[in-house]
Amino acid sequence: MYKSLQELFENRVQQFVLSNREYKDFFPKAERKLDSCSKRSAEIVKVKATGKIIDKSDQDGIQKVKYLAHYRYLIKQKGNFYIEEEVEERLAKLYKNSIISDEEIPALDFQEDTFRDSIERVTKGDHIVFKYDRLKAVQYAERWWNSYNPAYKKFENDCTNFISQCLHAGGAPMRGYPNRGNGWWMQNNNWSYSWAVAHSLKNYLANSKIGLRAKEVSSPDQLTYGDVICYDFEGDGRFNHNTIVVAKDAYNMPLVNAHTYNSRMRYWAYEDSSAYTPNIKYKFYTIVDG
(Lines give C-alpha, C1' and ligand atoms only; values in the text may rest on other atoms or scores of the structure.)
Protein backbone atom coordinates (compact mmCIF):
# COMPACT_ATOMS: atom_id res chain seq x y z
CA MET A 1 0.00 0.00 0.00
CA TYR A 2 2.67 2.51 1.03
CA LYS A 3 4.78 1.70 -2.01
CA SER A 4 1.81 2.25 -4.32
CA LEU A 5 1.04 5.63 -2.78
CA GLN A 6 4.69 6.67 -2.96
CA GLU A 7 4.84 5.79 -6.66
CA LEU A 8 1.63 7.73 -7.23
CA PHE A 9 3.15 10.80 -5.59
CA GLU A 10 6.38 10.57 -7.54
CA ASN A 11 4.59 10.21 -10.86
CA ARG A 12 2.07 12.98 -10.23
CA VAL A 13 4.67 15.48 -9.10
CA GLN A 14 6.14 15.27 -12.60
CA GLN A 15 2.85 16.46 -14.09
CA PHE A 16 3.31 19.95 -12.64
CA VAL A 17 6.59 20.65 -14.45
CA LEU A 18 6.27 21.09 -18.20
CA SER A 19 9.78 19.83 -18.96
CA ASN A 20 9.11 16.57 -17.10
CA ARG A 21 5.69 15.67 -18.51
CA GLU A 22 6.38 12.19 -19.84
CA TYR A 23 4.11 10.25 -17.49
CA LYS A 24 0.73 9.56 -19.07
CA ASP A 25 -1.44 9.81 -15.96
CA PHE A 26 -3.94 12.65 -16.40
CA PHE A 27 -3.98 14.63 -13.16
CA PRO A 28 -6.68 17.36 -13.22
CA LYS A 29 -5.03 19.26 -10.37
CA ALA A 30 -1.83 19.64 -12.37
CA GLU A 31 -3.74 20.72 -15.47
CA ARG A 32 -5.56 23.44 -13.54
CA LYS A 33 -2.37 24.65 -11.87
CA LEU A 34 -0.43 24.83 -15.13
CA ASP A 35 -3.28 26.64 -16.89
CA SER A 36 -3.49 29.18 -14.07
CA CYS A 37 0.26 29.82 -14.20
CA SER A 38 0.23 30.17 -17.97
CA LYS A 39 -2.42 32.90 -17.82
CA ARG A 40 -0.16 35.08 -15.66
CA SER A 41 3.16 34.29 -17.34
CA ALA A 42 4.37 32.14 -14.45
CA GLU A 43 6.20 28.82 -14.53
CA ILE A 44 6.37 25.99 -12.03
CA VAL A 45 10.08 25.20 -11.81
CA LYS A 46 9.99 22.46 -9.19
CA VAL A 47 7.44 20.63 -7.03
CA LYS A 48 7.74 18.64 -3.82
CA ALA A 49 4.88 16.60 -2.42
CA THR A 50 4.52 14.75 0.86
CA GLY A 51 1.66 12.69 2.24
CA LYS A 52 0.33 11.91 5.68
CA ILE A 53 -2.18 9.11 6.26
CA ILE A 54 -4.97 10.18 8.62
CA ASP A 55 -7.33 7.20 8.35
CA LYS A 56 -7.51 3.78 6.70
CA SER A 57 -10.00 0.93 6.52
CA ASP A 58 -10.47 -2.40 4.75
CA GLN A 59 -13.83 -3.64 3.50
CA ASP A 60 -14.48 -6.56 1.15
CA GLY A 61 -10.87 -6.49 0.01
CA ILE A 62 -10.94 -2.79 -0.84
CA GLN A 63 -8.51 -0.66 1.15
CA LYS A 64 -9.56 2.94 1.72
CA VAL A 65 -6.86 5.42 2.70
CA LYS A 66 -7.66 9.01 3.64
CA TYR A 67 -4.57 11.19 3.56
CA LEU A 68 -3.29 14.76 3.42
CA ALA A 69 -1.24 15.77 0.39
CA HIS A 70 1.09 18.73 0.92
CA TYR A 71 2.38 20.39 -2.26
CA ARG A 72 5.22 22.93 -2.42
CA TYR A 73 5.69 24.75 -5.73
CA LEU A 74 8.73 26.81 -6.69
CA ILE A 75 7.25 29.40 -9.06
CA LYS A 76 9.13 31.71 -11.42
CA GLN A 77 7.56 34.88 -12.79
CA LYS A 78 9.43 37.68 -14.59
CA GLY A 79 12.73 36.53 -13.08
CA ASN A 80 11.32 36.42 -9.55
CA PHE A 81 10.93 33.24 -7.52
CA TYR A 82 8.59 32.39 -4.67
CA ILE A 83 7.19 29.28 -2.98
CA GLU A 84 3.49 28.48 -2.97
CA GLU A 85 2.10 25.74 -0.72
CA GLU A 86 -1.22 23.97 -0.33
CA VAL A 87 -2.61 21.00 1.53
CA GLU A 88 -5.61 18.94 0.45
CA GLU A 89 -7.42 15.89 1.78
CA ARG A 90 -7.65 12.91 -0.58
CA LEU A 91 -9.13 9.42 -0.58
CA ALA A 92 -7.33 6.54 -2.27
CA LYS A 93 -8.88 3.11 -2.88
CA LEU A 94 -6.66 0.09 -3.41
CA TYR A 95 -7.25 -3.53 -4.36
CA LYS A 96 -4.45 -5.99 -3.62
CA ASN A 97 -2.20 -2.98 -2.96
CA SER A 98 -2.85 -1.50 -6.40
CA ILE A 99 -4.53 1.90 -6.59
CA ILE A 100 -7.90 1.80 -8.36
CA SER A 101 -8.92 5.41 -7.57
CA ASP A 102 -7.58 8.51 -5.90
CA GLU A 103 -9.70 11.63 -5.53
CA GLU A 104 -9.74 14.93 -3.70
CA ILE A 105 -12.28 15.05 -0.88
CA PRO A 106 -14.36 18.22 -1.39
CA ALA A 107 -14.23 20.59 1.56
CA LEU A 108 -17.48 20.82 3.50
CA ASP A 109 -19.32 24.07 2.91
CA PHE A 110 -19.89 25.28 6.48
CA GLN A 111 -22.81 27.69 6.18
CA GLU A 112 -24.35 27.89 9.64
CA ASP A 113 -27.23 30.34 9.29
CA THR A 114 -25.60 31.62 6.13
CA PHE A 115 -28.09 34.37 5.41
CA ARG A 116 -28.57 35.49 8.99
CA ASP A 117 -26.40 38.51 8.44
CA SER A 118 -24.88 40.62 11.17
CA ILE A 119 -27.17 43.39 12.37
CA GLU A 120 -25.68 46.83 12.74
CA ARG A 121 -26.70 48.28 16.09
CA VAL A 122 -24.81 51.51 16.41
CA THR A 123 -25.66 53.97 19.13
CA LYS A 124 -25.08 57.63 18.41
CA GLY A 125 -21.64 58.57 19.61
CA ASP A 126 -20.28 55.01 19.40
CA HIS A 127 -16.74 54.94 18.09
CA ILE A 128 -13.93 52.41 18.41
CA VAL A 129 -10.48 53.75 17.63
CA PHE A 130 -7.84 51.35 16.33
CA LYS A 131 -5.05 51.25 13.77
CA TYR A 132 -4.91 48.12 11.65
CA ASP A 133 -1.44 46.57 11.84
CA ARG A 134 -1.12 44.89 8.46
CA LEU A 135 2.27 43.39 9.28
CA LYS A 136 0.92 41.59 12.35
CA ALA A 137 -2.08 40.30 10.39
CA VAL A 138 0.20 38.89 7.70
CA GLN A 139 2.61 37.44 10.26
CA TYR A 140 -0.32 35.63 11.88
CA ALA A 141 -1.49 34.34 8.49
CA GLU A 142 2.00 33.00 7.83
CA ARG A 143 2.36 31.43 11.29
CA TRP A 144 -0.96 29.58 11.27
CA TRP A 145 -1.72 28.90 7.58
CA ASN A 146 -1.23 25.16 8.02
CA SER A 147 -2.01 24.70 11.71
CA TYR A 148 -4.56 25.83 14.28
CA ASN A 149 -4.12 28.26 17.14
CA PRO A 150 -5.35 26.44 20.28
CA ALA A 151 -6.58 29.74 21.67
CA TYR A 152 -9.49 29.59 19.19
CA LYS A 153 -12.14 27.04 18.29
CA LYS A 154 -11.34 25.00 15.19
CA PHE A 155 -14.10 24.49 12.61
CA GLU A 156 -14.30 21.66 10.09
CA ASN A 157 -14.58 24.39 7.48
CA ASP A 158 -12.21 26.89 8.99
CA CYS A 159 -11.65 29.46 6.25
CA THR A 160 -13.59 32.38 7.74
CA ASN A 161 -12.55 31.64 11.32
CA PHE A 162 -8.91 31.81 10.15
CA ILE A 163 -9.41 35.14 8.36
CA SER A 164 -11.14 36.59 11.43
CA GLN A 165 -8.20 35.52 13.58
CA CYS A 166 -5.78 37.24 11.18
CA LEU A 167 -7.82 40.46 11.26
CA HIS A 168 -7.98 40.35 15.06
CA ALA A 169 -4.20 39.77 15.24
CA GLY A 170 -3.87 42.98 13.22
CA GLY A 171 -5.74 44.87 15.94
CA ALA A 172 -9.31 44.74 14.64
CA PRO A 173 -11.51 44.94 17.76
CA MET A 174 -14.29 42.49 18.53
CA ARG A 175 -17.73 43.87 19.31
CA GLY A 176 -21.32 42.68 19.67
CA TYR A 177 -21.01 39.86 22.22
CA PRO A 178 -23.15 37.93 23.13
CA ASN A 179 -25.62 38.51 20.25
CA ARG A 180 -24.54 36.18 17.46
CA GLY A 181 -26.29 38.30 14.85
CA ASN A 182 -24.57 41.49 15.94
CA GLY A 183 -21.01 42.69 15.44
CA TRP A 184 -17.96 40.47 14.96
CA TRP A 185 -16.58 38.39 17.82
CA MET A 186 -15.53 35.05 19.30
CA GLN A 187 -15.73 34.66 23.06
CA ASN A 188 -16.48 31.99 25.70
CA ASN A 189 -16.74 29.21 23.09
CA ASN A 190 -19.34 31.20 21.19
CA TRP A 191 -19.08 33.38 18.09
CA SER A 192 -20.95 35.74 15.82
CA TYR A 193 -22.05 34.55 12.40
CA SER A 194 -19.74 37.15 10.89
CA TRP A 195 -16.72 35.60 12.64
CA ALA A 196 -17.12 32.09 11.23
CA VAL A 197 -19.46 32.13 8.20
CA ALA A 198 -18.08 33.28 4.85
CA HIS A 199 -21.21 35.00 3.57
CA SER A 200 -21.80 36.78 6.88
CA LEU A 201 -18.23 38.10 7.06
CA LYS A 202 -18.59 39.45 3.54
CA ASN A 203 -21.73 41.32 4.53
CA TYR A 204 -20.18 42.55 7.75
CA LEU A 205 -17.19 44.02 5.91
CA ALA A 206 -19.54 45.71 3.47
CA ASN A 207 -21.77 47.27 6.14
CA SER A 208 -19.86 47.78 9.40
CA LYS A 209 -19.69 51.41 10.52
CA ILE A 210 -17.57 51.03 13.69
CA GLY A 211 -14.73 48.76 14.81
CA LEU A 212 -13.59 46.49 12.01
CA ARG A 213 -14.51 48.28 8.78
CA ALA A 214 -13.61 47.87 5.13
CA LYS A 215 -13.92 49.65 1.81
CA GLU A 216 -14.85 47.68 -1.30
CA VAL A 217 -12.55 48.24 -4.29
CA SER A 218 -13.15 47.23 -7.87
CA SER A 219 -10.05 45.18 -8.68
CA PRO A 220 -7.57 42.93 -6.85
CA ASP A 221 -4.51 45.04 -7.71
CA GLN A 222 -5.97 47.78 -5.46
CA LEU A 223 -5.57 45.53 -2.42
CA THR A 224 -2.55 45.44 -0.15
CA TYR A 225 -1.19 43.23 2.63
CA GLY A 226 -3.81 42.22 5.19
CA ASP A 227 -6.80 42.89 2.94
CA VAL A 228 -9.56 40.35 2.28
CA ILE A 229 -10.99 38.65 -0.81
CA CYS A 230 -14.43 36.96 -0.68
CA TYR A 231 -15.45 34.21 -3.12
CA ASP A 232 -18.81 33.10 -4.48
CA PHE A 233 -17.65 30.04 -6.42
CA GLU A 234 -21.01 29.23 -8.00
CA GLY A 235 -22.05 32.82 -8.68
CA ASP A 236 -25.36 32.23 -6.90
CA GLY A 237 -25.09 35.13 -4.46
CA ARG A 238 -23.88 32.99 -1.55
CA PHE A 239 -20.26 33.68 -0.73
CA ASN A 240 -18.51 30.56 0.56
CA HIS A 241 -14.80 31.33 0.97
CA ASN A 242 -12.45 34.08 2.19
CA THR A 243 -8.70 34.66 1.91
CA ILE A 244 -6.20 37.22 3.20
CA VAL A 245 -3.57 38.98 1.06
CA VAL A 246 -0.03 38.22 2.26
CA ALA A 247 2.09 39.22 -0.77
CA LYS A 248 1.99 40.48 -4.36
CA ASP A 249 3.30 38.78 -7.49
CA ALA A 250 5.47 40.35 -10.19
CA TYR A 251 2.39 42.00 -11.75
CA ASN A 252 1.18 43.47 -8.44
CA MET A 253 -1.59 40.88 -8.10
CA PRO A 254 -2.43 39.40 -4.68
CA LEU A 255 -1.07 36.16 -3.30
CA VAL A 256 -3.22 34.85 -0.47
CA ASN A 257 -3.26 32.51 2.54
CA ALA A 258 -6.31 30.51 3.56
CA HIS A 259 -7.70 27.55 5.46
CA THR A 260 -9.91 24.79 4.01
CA TYR A 261 -8.00 23.77 2.10
CA ASN A 262 -4.90 25.24 3.69
CA SER A 263 -2.99 27.40 1.22
CA ARG A 264 -0.02 29.74 1.35
CA MET A 265 1.02 32.33 -1.27
CA ARG A 266 -1.72 31.12 -3.62
CA TYR A 267 -2.71 33.22 -6.62
CA TRP A 268 -5.85 35.12 -5.66
CA ALA A 269 -8.17 33.99 -8.48
CA TYR A 270 -8.42 30.32 -7.38
CA GLU A 271 -8.73 29.16 -10.99
CA ASP A 272 -6.66 26.13 -10.00
CA SER A 273 -9.21 25.08 -7.35
CA SER A 274 -11.62 22.19 -7.88
CA ALA A 275 -14.29 24.53 -6.46
CA TYR A 276 -13.78 27.07 -9.27
CA THR A 277 -16.58 27.58 -11.78
CA PRO A 278 -16.86 30.01 -14.73
CA ASN A 279 -19.62 31.77 -12.76
CA ILE A 280 -17.35 32.73 -9.86
CA LYS A 281 -17.75 36.20 -8.36
CA TYR A 282 -15.36 38.08 -6.09
CA LYS A 283 -15.52 40.93 -3.60
CA PHE A 284 -12.38 42.88 -2.73
CA TYR A 285 -12.18 44.64 0.63
CA THR A 286 -9.41 46.85 1.91
CA ILE A 287 -9.42 47.27 5.70
CA VAL A 288 -9.64 50.83 6.99
CA ASP A 289 -8.49 52.16 10.37
CA GLY A 290 -11.11 52.73 13.03
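Miscellaneous remarks
- Cβ-Cβ contacts under 7 Å between residues 6 or more apart (or on different chains), taken from a first residue in region 51-77 that is in the same structural domain as ILE99 (by TED's automatic domain parsing) to a second residue that is among the aromatic types (Phe, Trp, Tyr) and outside any strand (DSSP E or B), are listed as GLY51/PHE9; TYR73/PHE16.
- Scanning region 209-232 for residues that are part of a loop (DSSP other than H, G, I, E, B) and surrounded by 20 or more Cβ atoms within 10 Å (Cβ to Cβ) yields GLY211, LEU212, LEU223, GLY226, ASP227.
Here is a yes/no grid of residues against (1) in a loop (DSSP other than H, G, I, E, B); (2) surrounded by fewer than 20 Cβ atoms within 10 Å (Cβ to Cβ); (3) among the aromatic types (Phe, Trp, Tyr):
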residue	(1), (2), (3)
VAL129	yes, yes, no
TYR140	no, no, yes
SER147	yes, yes, no
PRO150	yes, yes, no
LYS153	yes, yes, no
THR160	no, no, no
CYS166	no, no, no
GLY171	yes, yes, no
ASN179	yes, yes, no
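- Subset of region 235-246 (residues that are surrounded by 15 or more Cβ atoms within 10 Å (Cβ to Cβ) and not basic (Lys, Arg)): PHE239, ASN240, HIS241, ASN242, THR243, ILE244, VAL245, VAL246
- Residue count, region 247-273 (criterion: touching an Asp or Glu at 6+ places or on another chain (Cβ under 8 Å) and either at pLDDT below 95 or among the basic types (Lys, Arg) (or both)): 4
- Any hit, region 178-189, residues being closer than 30 Å to TYR251 by Cα and hydrophobic (A, V, I, L, M, F, W, C): no
The values are calculated or read from the model by the stated rules, or taken from the named source; none is laboratory data. In this text, all values refer to a predicted model and were calculated from it rather than measured experimentally. Glycine gets a Cβ as well: all are built from the backbone with ideal geometry, and neighbour counts include every protein chain shown.
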